Structures are given as C-alpha cells and as structure tokens.
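Reviewing the structure listed below.
The values are calculated or read from the model by the stated rules, or taken from the named source; none is laboratory data. Remember, it's a predicted structure, so these values are computed and weren't measured experimentally. Cβ atoms come from the backbone with ideal geometry, glycine included; neighbour counts cover every protein chain shown. Quick note on the areas: whole protein, heavy atoms, side chains included, nothing else; ligands and nucleic acids left out. Shrake-Rupley method; radii C 1.70, N 1.55, O 1.52, S 1.80 Å.
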Amino acid sequence: MVTQYGIKFAVHLITSHFGNLVSKVCDNLLRRGPLTLQLLIRFTELTPLQVKNSLLILIQHNCVQAFSTEHIGAGGNEVKVTQYLALFDNILHRLRFPKFLAIVSQELDKDCEEIFEGLIQHGRLTLEQISDRAESSAKTGGKPSSGGPAVRDAVREGFHKLLNSRFVERCPAPEPFLEPPSEPKSSNKRGAKSKLAGASETEEQRILASAAPIEALRFSLLTTSGTDLDAEKDGTGSSVGEKRKHAAVDSDEEFGSKDKEVVLWRVNFEEFIRCLRHKACMENVRARLDDGAAIVLKAVLDATRSAEQKVKTETSVPLLMNTIFEEVMKNEAGRSLTLDRVRASLIQLGCPSAMRGTDETYSIDLKKIIELAQNEEVESIVLKRYGRDAYRMFRLLSKAGQLLETDKIADMTFVEKKETPNILYKLWQDEYLHMEKLVVSSARQFSFMLWKVNKPILWEHVLDEMYHAALNLNQRLIYEQEQKELYAIQQGTPTGSTEKDRLRNAKIYLHSSLVKLDDALMLFHDF
C-alpha cells in the first residue's frame, strides 16, 4: 500500500540522495504510475536530456524499471512502447543500507563487506568493475604489494560468498516485454483458480516477474552462453564510473544499445528484508515469551531459510523434532536446553506437533507472530497518545474483532460510563476505531453506538502516520546537519562548545528515533 505521505517520503529520500531534477521525475512516476519518456518530458517540463539522465540515475540505483508493451498506433498497427515504473519499495530500502551492511559485516568477512559497500554506493556493477574498484582501493590505501591477481582472487572469493548467502543477485532484464493479462478460458477448477490468482496480481508484480532472471542464473556466475564470469575481462580501458554509467543504459535506442552480454549485479533486497523479518520475529518472541523460545525459533528459521520462496512466508517448512534439536545445539546458548525444553518452547510458539510416520514434525506460524507484533505496536501508540483507559478499550476491541456497544465496553474495561463515549469518540475522530449507529424501534426508539477495530483500514492509516513522522525526522536531521556546518564556521564564538554538544546529542537522538521508526515501517509494509 502506497499512501500520500509514503510518496512524499520516497520523493524526499530521492531528493536528498540525487537532487531536485531526479526527484521531479521520480515524483511523477510515483503519482501517475508507468509513463513513457515523452509523457515524462511533458509532465516534468524538463528538457529531454535532463529526463534521460534522471532515468539513467534511477535505473542505475534500482529505483526504476523499464519495460515495453504493445499499443495500437495511429495507422492501426501494433507499436512497441517503452515505459518506466518507479519501484517504491526499492526507494525506501535506501534508508536501510546501514542495516544491510551490518548484516553482511556480522555474517561474512571484511572483503565481502567492501564489495557490498561498492554495490550500495553504485547501485549495480559488473564483476570486472568490482575488481577494478578493489584494486583502486588497495593502491589508495598504500598496499601496492596486495594489488593485481591477489586482489582479484580475494574479490572472486568474497563475491562467491555473497552469492552463496544470496545477498547479491543478477540484475533484472533492462527492458522486458510485458504481455497483456490473459484470461484463461478453461472452465475446470484449476483454470478458475489460476484466473483468480492472475486477477490478484498487480501490474508492478507482473513487470517485476517478467524482468526477473531465471532462478538458475539469478545467483550464478555463468552467463546465458554457459561461460564463467570469473574469466570476464574488460579491455576497453574505461574508468569504473564510465563503464558503470554505460552499463546501466537499457535496450531502448534512445538510451543506447548493447553489442555484447554485460552481466550486472546488485544487492538482493529481498534476502535482507527476510533476515530483518526473522530478527523482528525473534525479538517479539523474546519479549513476549522467553529466551528459550527465541532460541528455538532462531534454530527453525536458520534451518528453513533457504527453503522460503517469498519474504512474507506465513508458516515455516515442517521440520522433524530431531532436526530442530540438532539446529538448537549448534547455538552456544541453545546447548543448555533439553529435548523436553525445546518441545515445550515449540508449544509456547503455538505449533502443535504433527506426525510424519512415526516422527514428530513442527511448523511455526510466522504470520501470527507478525500480527501480534503489529497489534502491540498500535496498542503502544494508543497508550502514549490517548492514555491507559483508551488503551484498555482499544485492546478489548482489537481482541474481540467485532462490534461492541458503549456500555458493554465501559463495563468490561472498568472505565467510568460518562468518560467512555468521549474516549471512544476521540479514537473514532482520529480514525483508530470504526463506529456504527444502531436504532431500535419499539414502543420507544433507542439508539446504540457500536464500535470495532477495522484492522486493514487502521493499519493503512497507521502506516501513513509513520511515513509522515519519518519525513519530519529526515527533514529535521538535514536541518541539524546544516546547523553543524554553520557551527564549523563559528567555532571561535564563546557559545560554540555548548552548541556543538547540542547538535551532537540532537543528531544521535534523531538518528536512533529514525532507526526505530523504520523498524515499525517494515513491520507494517514489508513483513
């Protein structure tokens, strides 16, 4: 779901990273949907060269995907048209680059971290460009003895580790052809099911699916011709920046053409969001249950991570009890847990055993854990903003999942009946509750106010509020940075030291608040 403040926040991120011209192009794509080059020039009122360069930057940094479709031309002939789609999720992921880098740093070595940092900085690179960057960095660092083949070997080894961990993937096709949505004519049950599945798929999902490389090549160094990219050499003598810029150009003739296969690599955002989702589940379980349950959950997620087909996996792959116990024993903290303790933790996690022959299997409901975390997040907002009485009422309605009458809410939450309507009305005004009026006619006419929590609508409203808060925090951070630069000029003034401390503390506080807010954003949007 992309809300109004979500679009404003995404445009603000692009503005702070790439400037006003690029953000103007991005803003039009986010608000209007896929557009052709001619329409972008018309809507942005920029020159063709400015729009082309802006699109190149956005494509290079994985914020826009080009695709082509067929349209009926003026003469009745089918004409191939190139359009550009803004990728809202990828734009927001730019805010999470420090989190992604921290994951690589924890799981892999320094060489992998440096390779990954280059991909974050430049968006997409060839293996040759990654090697050139590492050699240049080695020379700049004053280590001429470590250059040449030794650096390239280290890059290849580190790159293989990133591929095996699925932290890096092959870039999608530069301009896939999008087939018009077809309606299956089959009347059998299977045909009806596929029709429903196709109807629920958005245009963006169809575009991304058509652009995605086949799974066999996505994390492989082999080219489509079967050659190994480890042997890739670039004899053009071009600088890394020049090669990177030209490699980003799609197959549209206005942006150039490719005479040979160029394989580009980028960060696999999906894998990092999956890691952060697992981390959020474990933190919620640790806070809600205990450390033992969190250790068991981590063991199950580690064992089934490679089997997950999508980020929003609802339940983990069923595992045998012995397999779970072996995975728990790999963790130092888990070696103190007995088999009975592991089984008790699985029951705590709400996964009753199922039998596969004579063996027990367990599967954890990840969707339920995320929903509990979302409920707790919104309840904490209500508690801080409206007080404890409102929190008890909201929690009651959230758990009930149905309409409740005002007096019944007051009785069940032990709140004064005079205060209850005012609190409920305030929550309704701020779109946290749904209200219905029931009129009963008999000898006398009675009216009752009924209340409930409509979670899908409320979650979208809360998410929009979070985007608004993130936008304000980012703007304040930029302001504090400008004040810091101003302080650097005024270091000689008597108040300089005090102002320096204030700016430092403000920046730390704002940055930590933004990190926590981004965790909440992912909870409602990505998980």
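Could you sort Met321, Met449 by accessible area so the largest value comes first, with the probe set to 1.4 Å?
Descending order: Met449, Met321.
Can you list residues whose amide H is under 5 Å from Glu360's amide H, if they're 5+ apart or on another chain and H is modeled 1.01 Å from N?
Here Met321 satisfy the definition.
Around Tyr391, what is the net charge, scoring Lys/Arg as +1 and Asp/Glu as -1 over all other residues with Cβ under 11 Å from its Cβ?
+3
Cα-Cα over 25 Å: which of Lys384/Lys418; Lys367/Lys507; Lys310/Lys452; Lys368/Lys417; Lys8/Lys279; Lys426/Lys507?
Lys367/Lys507; Lys310/Lys452; Lys368/Lys417; Lys8/Lys279; Lys426/Lys507
In Å², and per residue, what accessible area does the stretch 14-78 have when probed at 1.4 Å with the other protein chains present?
I get 47 Å² per residue for this part.
How would Ser136, Ser380, Ser441 line up by accessible area, probe 1.4 Å, largest first?
Working: Ser136 65, Ser380 40, Ser441 90 Å².
Reading off the accessible areas and sorting them downward yields Ser441, Ser136, Ser380.
Convert each backbone phi in the stretch 268-274 into a coupling constant with the Karplus relation 6.51 cos²θ - 1.76 cosθ + 1.60 (shift: θ = phi - 60°), then list the ³J(HN,Hα) values in order as whole Hz, x for Gly and Pro.
8, 4, 4, 5, 6, 5, 5
Please compute, for the alpha-carbon atoms of the stretch 4-87, the extent along each of the three principal axes and give them in descending order in Å.
Computed over the Cα atoms, the extents are 44, 25, 21 Å.
Would you list which aspartates and glutamates come within 15 Å of Lys437, measuring only between C-alpha atoms, while excluding same-chain residues fewer than 8 positions from it?
Glu405, Asp407
Tally Lys/Arg at +1 and Asp/Glu at -1 over every other residue whose Cβ is under 14 Å from the Cβ of Lys452; what's the total?
+2
I'd like the accessible area for Tyr467: 1.4 Å probe, protein heavy atoms, all chains in place, Å² to the nearest 10.
Probe radius 1.4 Å; accessible area of Tyr467 about 0 Å².
Could you derive backbone 3J(HN,Hα) for the stretch 434-447 from the dihedral phi with the Karplus parameters 6.51, -1.76 and 1.60 (θ = phi - 60°), listing whole Hz in sequence and x where the residue is Gly or Pro?
Each residue's phi maps through the Karplus curve to give 9, 10, 9, 9, 10, 10, 10, 9, 9, 4, 10, 9, 10, 10 Hz.
Using a Cα-Cα cut-off of under 17 Å, which aspartates and glutamates could be cross-linked to Lys408, ignoring same-chain neighbours fewer than 8 residues away?
Counting by Cα, and skipping residues close in sequence, Lys408 has these aspartates and glutamates nearby: Asp389, Glu416, Glu419, Glu436.
Two decimals, Cα atoms only, Kirkwood Rh: what is Rg/Rh over the stretch 271-364?
Radius of gyration over Kirkwood radius for the stretch 271-364 works out to 0.94.
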